[in-house]
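Worksheet for the structure shown next.
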Amino acid sequence: MDPFKDYNVLHLDPEVPPVAPRPRFQSLPIFLSMGVVFISFIAVTAIFKSSLHDQESQMTSMIDEIGELKQANFLLSQQVSSQEQILQSIVVDFSSLGSAAASGDAGKMQELFSNILSRVPTRNQSVDLAGAAASTVEDTTFDVLVLGTNGAHTDTIIVASINEDDRKISLFSIPRDLYINGRRINEYYTYYGVEQLGRMVSEVTGLEMDHFVQVDLEGFVDIVDILGGLDVFVAEAIYDGLYPNGNGGYSAYSIEEGQHHMTGEEALRYARSRKSSSDFDRAARQQEILAALRTKVVQLDSVMEMKELTSIFQTAIESTTTDMNVLDLVGYYYDYQDFELNTGLVLSSGNYLYSLINESGAYILLPDVADFSEIHQVISELVH
């Protein structure tokens, strides 16, 4: 017998209380809080960037001040050393003067007196110890700093100066051992980067650098191979028995005088070899390579569509570090492709510099005069 037979079961759903509508402005404080946080973040970021910029400016000023102090100390030590040598020579002349007087040689006595007097500075003579007060010449050119780098080091420093009025491009090289503000100029790239190096190049040349192009060894090889190689006339045969082979050792490199078609690797060896010549000769060959690159691009332009040439520029720019984009490069190329190209100026101990060994035993180069005013004038005449 079913005990539930006489019962009816009624199922009732549990009563659900109605949900009150959310007030329209209940989430407003949350949005306001998020807005305050976002604005605060922007403000803090702006303050942080401003602080970084101020610190960078202070660091740059400190680098300059320390460099100028080192330069002044170095030049002062050079002056002291020079004065010591002068005093020593005067002592020797006085000793010889005594011997000449004892022998009654009047001609010898007169010569020694003249030597002594010529070494005594007059009261109006002064020495510029700063080495930085070079005369300034107005810069109306468009100037590009071209660097050849190998890791953290740069051995190639070339300026391409473009004069739009005269429709000419001038290339000139700055030796890596040039001493400025207390250190060799290539060290500014190693320790402080391309921007600081550019400032030092401006001090040396009197020209403001507008852009830079930095090419490492592998990038250089790639660019030349992309262009299909370069045609270069070798004016003098080279034999270098100590060319770095990339494996920590050396290999012999040689090339005969005459016309050569060079691959990227061959052009690199030609541009870098220096054991059988000098850094100055190497700098001149690097200018030859840049001229050959320009000639090659012009040749390609005569047989290629602009789209193909732009593609080559794009591939080449990927092998470099620069503050220009591919549109800049293409635009500059078409603006300046017909300009006359002047090469050959290499600042060296054979023209406006002299070499010596500094107190640390390092080989350095200094300007013939107390500052870079002579170099400023020469470069101004060249580019203008």
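The values are calculated or read from the model by the stated rules, or taken from the named source; none is laboratory data. Treat the numbers as computed from the prediction; the structure is a model and nothing was measured. Heads up, the Cβs are rebuilt from the backbone with ideal geometry, glycines too, and the neighbour counts pull from every protein chain shown. Accessible surface areas use protein heavy atoms only, side chains included; no ligands, DNA or RNA. Shrake-Rupley method; radii C 1.70, N 1.55, O 1.52, S 1.80 Å.
Residues in the range 296-316 that are more than 18 Å from Leu230 (Cα to Cα) and of a type outside the set (S, T, N, Q): Glu305, Met306, Lys307, Glu308.
Of everything in the range 208-251, what is at positive phi and among the β-branched types (Val, Ile, Thr)? Give them in sequence order. Selection gives nothing. Only one entry of Leu290, Leu300, Leu356 meets the criterion of being part of a helix (DSSP H, G or I) and modelled with pLDDT under 95, and that entry is Leu300. Filtered by the rule that a residue be out of contact with any strand residue (DSSP E or B) (no Cβ under 6 Å at 6 or more places or on another chain) and within 13 Å of Gly241 (Cβ to Cβ), the range 252-275 gives a lone residue, Arg274.
Thr321 - would you say it is over 23 Å from the mean Cα position of the chain (by Cα) and of a type in the set (S, T, N, Q)? The answer is no for Thr321. All of (1) modelled with pLDDT under 95; (2) of a type in the set (S, T, N, Q); (3) open to solvent by less than 60 Å² (accessible area, probe 1.4 Å) hold for Ser311 with one exception: (3). For the range 203-220, the set of residues classified as modelled with pLDDT of 95 or more and open to solvent by less than 20 Å² (accessible area, probe 1.4 Å) consists of Val204, Thr205, Leu207, listed by residue number. Taken over the range 326-350, the criterion of being more than 14 Å from Asn163 (Cβ to Cβ) and exposed (fewer than 15 other Cβ atoms within 10 Å of the Cβ) is satisfied by Leu327, Asp328, Gly331, Tyr334, Gln337, Gly344, Gly350. Within the range 235-272, the set of residues being open to solvent by 20 Å² or more (accessible area, probe 1.4 Å) and either acidic (Asp, Glu) or touching a Gly at 6+ places or on another chain (Cβ under 8 Å) (or both) comprises Glu236, Tyr250, Ala252, Glu256, Glu257, His261, Thr263, Glu265, Glu266. Of all the listed residues (Asp281, Asp338), the sole one being at negative phi, touching a Lys or Arg at 6+ places or on another chain (Cβ under 8 Å) and part of a helix (DSSP H, G or I) is Asp281. Note on the range 321-335: residues that are assigned to a helix (DSSP H, G or I) and closer than 16 Å to Leu145 by Cβ total 3.
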